[in-house]
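The values are calculated or read from the model by the stated rules, or taken from the named source; none is laboratory data. These numbers come from a predicted model, not from an experiment. Note: ideal-geometry Cβ built from the backbone for every residue, glycine included; neighbour counts use all protein chains shown.
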Amino acid sequence: MIQGISGAAGVAIGKAFVLPSWEWDLPDQKMDVVDLAKEFERLYEGIRTSRNEIETIKQEFNEVVGPEESSIFDAHLAILEDPVFMSEIQGIIERQYKAAEVAVKEAIDHFVTMFDLLDDEYMKERALDIKDVGNRLLKHLLGAPEITLPSDTQPYILVAKELSPSQLAHLNPNYVLGIVTLIGGKTSHSAIMARALGIPMVSGLENSVNLPVQTGDTLIINGDEGTVYVNPSEKMMEKYTRIRNQQQRKKEQLQVLAEVDAVTKDGTIMNLAANISSTKELEMALRHGAKGVGLFRTEFLYMDRPTFPTIEEQYEVYRHVVERAGGQSVVIRTLDIGGDKQLDYFPLAEEDNPFLGYRAIRISLDLKDLFKAQLTAILRASVHGKVKIMYPMISSIDEIREANQVLREAMKDLDQQGIAYDKDIQIGIMIEVPAAVVIADLLAAEVDFFSIGTNDLVQYVLAVDRMNEQIAHLYHPFHPSILRMLKMTADAAHTAGIDISVCGELAGDERAVPIWLELGIHNLSMSPQSLLRVKHRLLNTCAEDAKAVAKSCTSMSKSHDIEAKLEEFIEENAERLN
């Protein structure tokens, strides 16, 4: 057995295909001054070709898993346009009279070495992005062919020293059983993409540089535990074949629950909706039995394009989603850019703390024409079904009232044009800033519903950037302070008589089911992949027992103890799928 890191869950069994490493035959001689112009032209042509190729890959991947995961390639496009990276390449050509491909290779090596010296796993993994972009550029400069993968006739487990997002995007998930890489971790782009594609992955085998794997070897990889078995015994094969078959049966059995209502054993009804970023994700959510859309992240409509979308373009997308929801509620969150979500055609100034800066509702209220256009499109779509509007990152009453004033102006314009819309459309806010929790009773008087965004709420309350590997272990969604924040918000909503839901990742965590039942929160919105698993948990849970467990958690002072208590409840009280 070889121990690595869990990149993506699941067990895979199959023959290995070892991906060869890139080996470049580079010229080392210096050039004459007269060749400089030619080398710069070759460099710029390679950049143009690489950019077009990345844009194509991004679009193809977007069609498979949606815009959120495909936005990984925005980082690759940014590298091609990074002035520091490009200046390094140009400087080597101009000062050292070296060929464009030699300059690119030296620049890659320089930045990768610099990143690897940093004591930050996240930055080390970003070095792979530089290699990916640089290798693509080198491929075009050298006229080298792509490394070909096996034909899609025999499933295989892909083994590589490292696997770039570009290479992974070209894989057919129907034929790639699993992935093993020596380099990388849970936050690598390749791991994120593998999880999106549902391909088991084990990475981070850096202590096994001489991994004894050859193309054709039989492998077992356990993405849940991060283990790899090479040419395993018959007994080991039988064991993991059973585990793999159990996982497959569980998926099939869960799918049967798609048309079943989410009701606890003692009759408490829960409404499970979906978080979506695209119409493709909506289709997946509906197949998994989603009861409407609890969070439509509209910012992704703004990302895959060169300019802001028009009112008509937005309206068509919103209308399609609302009609496909078939009368179920669709909560449309207004534009939430800034932080880690940037628009190429709308550059934001660099900030020391972008997650605390110019983003979300702050941008909308600053650019009211842009905000009004989006609200107009949403209002027009509201006549096609049950639409709700939600404002992100609200921290004060003033923000709600200012946003509603823009909404009233949009309504007035539509009235003058004789265009119909839902005049009683409901307005809600995201509860994701600690200030909003503290004044939740005041905010509740201004809106029709709350939706708790646990991702940002946990991050802000605990002051922990969960994408920072050095402190990610401090990100505890079951921290006592978070439980108190959830209770304060729920109590304020119930007192005011308004609806409340949860749309952050915690909504899709089955361990949190007792907490929602105890707090009286019956509306959850989660990723499409989590719907059936959470529904299964609810169907096998007695609400009264769950509430008792949740109450006992409120007296605990440690996150670990709370998690252990909730996990113990799942083990003891819920039936499992076999």
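Quick notes on this structure:
- Looking across region 137-175 at every residue that is small (Gly, Ala, Ser) and either at pLDDT below 75 or farther than 22 Å from Val228 by Cβ (or both), the one that is nearest to the chain's Cα centre (by Cα) is identified as Ala169.
- Subset of region 278-305 [within 26 Å of Ile361 (Cα to Cα), of a type outside the set (A, V, I, L, M, F, W, C) and modelled with pLDDT of 85 or more]: Gly292, Gly294, Arg297, Thr298, Glu299, Tyr302
- Test: residue in region 569-576 that is in contact (Cβ under 8 Å) with a residue 60 or more places away in the chain, more than 20 Å from His476 (Cβ to Cβ) and either out of contact with any Leu (no Cβ under 9 Å at 6 or more places or on another chain) or part of a helix (DSSP H, G or I) (or both): no
- Residue within region 568-575 that is surrounded by fewer than 21 Cβ atoms within 10 Å (Cβ to Cβ) and among the polar types (S, T, N, Q) present: yes
- Filtered by the rule that a residue be polar (S, T, N, Q) and either in contact with a helix residue (DSSP H, G or I) (Cβ under 6 Å, 6 or more places away or on another chain) or not assigned by TED's automatic domain parsing to the domain that holds Arg533 (or both), region 259-278 gives Thr264, Thr268, Ser277, Ser278.
- Meets criteria (assigned to a helix (DSSP H, G or I) and at negative phi) for Leu517: yes
- Options Asp217, Asp261: the member that is of a type in the set (Asp, Glu) and closer than 21 Å to Thr541 by Cα: Asp261
- When the residues of region 546-562 are filtered to those that are in a helix (DSSP H, G or I) and farther than 20 Å from Gly520 by Cα, the one that is farthest from the chain's Cα centre (by Cα) is Asp561.
- From the options Ser552, Ser501, residue that is polar (S, T, N, Q), assigned by TED's automatic domain parsing to the domain that holds Ala325 and without any contact (Cβ under 8 Å) to a residue 60 or more places away in the chain: Ser552
- Here Ala490, Ala435, Ala463 are screened, and the one residue that is without any contact (Cβ under 8 Å) to a residue 40 or more places away in the chain and under 18 Å from Asn353 (Cα atoms) is Ala463.
- With respect to the conditions (1) more than 25 Å from Val433 (Cβ to Cβ); (2) surrounded by fewer than 21 Cβ atoms within 10 Å (Cβ to Cβ); (3) over 28 Å from the mean Cα position of the chain (by Cα), His494 lacks only one, and its number is (1).
- Within region 488-501, not a single residue is farther than 27 Å from Lys388 by Cα and either out of contact with any Phe, Trp or Tyr (no Cβ under 6 Å at 6 or more places or on another chain) or modelled with pLDDT of 95 or more (or both).
- From the list Lys15, Lys98, Lys38, the lone residue that is at pLDDT 70 or above and in a helix (DSSP H, G or I) is Lys38.
- Taken together, the residues in region 246-263 that are in contact with a strand residue (DSSP E or B) (Cβ under 9 Å, 6 or more places away or on another chain) and outside any helix (DSSP H, G or I) amount to 3.
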